[in-house]
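Nothing in this text is a laboratory measurement; each read-out follows from the coordinates by a stated rule. Computed from a predicted structure; not experimentally measured. A quick note on method: Cβ atoms are made from the backbone with ideal geometry, for glycine too, and the neighbour counts reach across all protein chains shown.
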Amino acid sequence: MGLTDDSLRILYTTVNGGFQLQDTFETLPISDILDEGKKLKSQQLVPFARDQEQNLLCLNVKSGNVIIWDAEGNELMEDLKIVSFGAYLEQIRDKVLSKKLIYEDGLGLITIS
């Protein structure tokens, strides 16, 4: 299972997990990526973050899209239709800069209406 998204590689050369993403998703340590990745290899998914409900944020190796995987139900929850990890980060950046996302302790980056 290979990573094709340079943005994800660049992040992991700097931080080994614990990086806050949107909602309660935080990046996984590399050891967890490898462990969870073994379980998701047949689905061609590379997990890179987990939320408080244990759902996984993954890259779909086949499509390149970022998806949310229900680890408990072992099924796709949502295809975010974002074409790369880099695009996912750019979307978060844009929302933060336009004040559509704010950081709340215990909740992470949340959308404001």
* Asked: Which length gain, in nm to one decimal place, applies between Gln91 and Ser63 when the Cα-Cα distance is subtracted from 0.36 nm times their residue separation?
  -> 8.2 nm
* Any chance you could give the angle, 0 to 90 degrees and rounded to 10, that helix 30-40 forms with the longest Cα principal axis of the chain? => 60 degrees
* To do: Please find, in a Gaussian network model of the chain (springs between Cα atoms separated by less than 10 Å), the residue of Leu56, Leu21, Leu11 whose mean-square fluctuation is greatest.
  => Leu11
* **Degrees between helix 85-97 axis and first principal axis of the chain (Cα, 0 to 90, nearest 10)** => 10 degrees
* Asked: What's the longest bit of the chain with no exposed GluC sites (Glu not before Pro), using DSSP loop states and at most 12 other Cβ atoms within 10 Å as the test?
  -> 1-52
* Can you pull the semi-axes for the range 6-52, root of five times each eigenvalue of the Cα gyration tensor, sorted largest first, whole Å? -> 17, 13, 9
